[in-house]
1. Once amide H atoms are built 1.01 Å from N in the peptide plane, which residues 5 or more positions from Gly43, or in another chain, come under 5 Å H to H?
2. Gly95's amide H: which non-local residues (gap 5+, or another chain) put their own amide H closer than 5 Å, with H modeled 1.01 Å from N in plane and none for Pro or chain starts?
3. Beyond 27 Å between alpha-carbons counts as too far, so tell me which of Lys148/Lys202; Lys143/Lys192; Lys52/Lys166; Lys52/Lys116 fall in that bin.
4. Considering only DSSP beta bridges where both residues belong to the range 66-215, give the percentage that are antiparallel (nearest 5).
5. For His175, what charge total do you get from the other residues with a beta carbon under 14 Å from its beta carbon, if Lys and Arg give +1 and Asp and Glu give -1?
6. Could you please report the charge total around Thr49, scoring K, R as +1 and D, E as -1 over all other residues with beta-carbon less than 14 angstrom from its beta-carbon?
7. Count charges around Val22 for me, please; just the other residues with Cβ under 14 Å from its Cβ, Lys/Arg as +1, Asp/Glu as -1.
8. By per-residue mean of other Cβ atoms within 10 Å, what is the highest-first order of 180-191, 149-160?
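Rule-based calculations on the coordinates, nothing more; no lab input. Because the structure is a prediction, the values reported are computed rather than measured. Neighbour counts are summed over all protein chains in view; Cβ atoms, including those assigned to glycine, are modelled from backbone coordinates with ideal geometry.
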Amino acid sequence: MAAPLSASAVLKALRAEGVRVVEVGNWRTHNRDSRGPWGPVNGSIVHHTVTKGTAATVAMVRDGYADLPGPLCHGMIAKDGRVHMVGWGRTNHAGGGDPRVLDQVVAESYGTAPSKPTRGNSNGVDGNARFYGWECENLSDGKDPWPKAQYDAIVRVQAALCRAHKWSAKSVIGHLEWSNDKVDPRGFTMPKLRADVSERLKHPASWNPGSDQEEDPMAGITKRDIYDAVWRSDLMTPPEGRAASGNPTWAPESVLRNAASYAIRAEAAAVRVEAAAARIEAALAGAVDH
């Protein structure tokens with residue numbers, strides 16, 4: 001169990017995790033605290049909105065509707081990955097749920113296969129008091145896609161909360177895992193989401209998947225390694241039979257000395273040729289003058 005994060009603390013946690021946050025109106029004080037407690041919190045619930053259009057969705061989750069006043073969540077995760085904060089405190093997002101699920105979330109005790117809590121039919125626990133809630137913009141018709149930016153934001157939001165509270169990814173559940181009469185979120189599985197949150201928690205909050213630099217191919221290679229690779233390679237071994245019969249002292253260093261000797265002699269020959277050419281040019285010029 002944990003006290004809920006303050007509005008300032010959750011903003012800090014989200015932004016540290018790389019979440020793009022949009023603050024909507026008086027979200028810090030917009031809540032349903034007058035209708036019941038908020039806290040201690042035990043986890044985070046992911047929902048879908050069954051709506052289309054970010055602006056309309058933000059308005060709906062902030063203000064609610066005739067049968068259910070807002071706010072309907074703490075933040076709405078849009079298609080473009082931005083998280084619109086609409087309320088902080090008690091919100092109408094979870095409703096009643098299974099006390100056995102709550103026990104498993106608190107203990108983070110449910111198994112790795114199928115990696116989800118076991119639901120019952122009980123409806124006796126006030127989830128609005130015990131969970132953070134995040135609505136995600138999606139029609140939930142099986143056709144509306146989950147863009148990469150949106151899914152990444154969902155993972156980052158949940159990781160931010162888990163990191164702040166020192167929870168594991170097993171403190172993140174879907175609404176369908178909390179209550180038997182719910183189906184959200186539809187379009188990805190909660191075991192997959194928890195696996196992605198768990199992977200993120202292995203890295204610093206600033207981690208961006210895929211941004212890890214490629215391993216330096218020269219990492220750990222010494223000057224001696226380079227020397228051996230170049231001068232002791234097959235390309236620099238003596239000609240066939242040379243080491244055995246003609247030059248028992250053959251060594252890579254001799255190759256360098258031999259090459260340097262040829263270069264010096266070539267340079268001297270070039271100088272001599274240049275001097276001879278100058279003399280010939282002078283002689284020809286004298287012949288023309290006479």
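1. Tyr132
2. Correct list: Gly127, Asn128.
3. Values: Lys148/Lys202 20 Å; Lys143/Lys192 19 Å; Lys52/Lys166 34 Å; Lys52/Lys116 29 Å.
The pairs that break the limit, which is 27 Å between Cα atoms, are Lys52/Lys166; Lys52/Lys116.
4. On the way: 5 of 8 bridges.
Taking every DSSP beta bridge within the range 66-215, about 60 percent pair in antiparallel fashion.
5. Numbers: positive: Lys116, Arg119, Arg130, Lys182, Arg186; negative: Asp98, Glu135, Glu177, Asp181, Asp184.
Computed value for this residue: 0.
6. On the way: positive: Lys52, Arg62, Lys79, Lys182, Arg186; negative: Asp63, Glu135, Glu137, Asp141, Asp144, Asp184.
The answer is -1.
7. On the way: positive: Arg15, Arg20, Arg28, Arg62, Lys79, Arg82; negative: Glu23, Asp80, Glu135, Glu137.
Taking every Cβ under 14 Å from that of Val22, the sum is +2.
8. Details: 180-191: 16.6, 149-160: 23.4.
Top to bottom by mean Cβ count within 10 Å: 149-160, 180-191.
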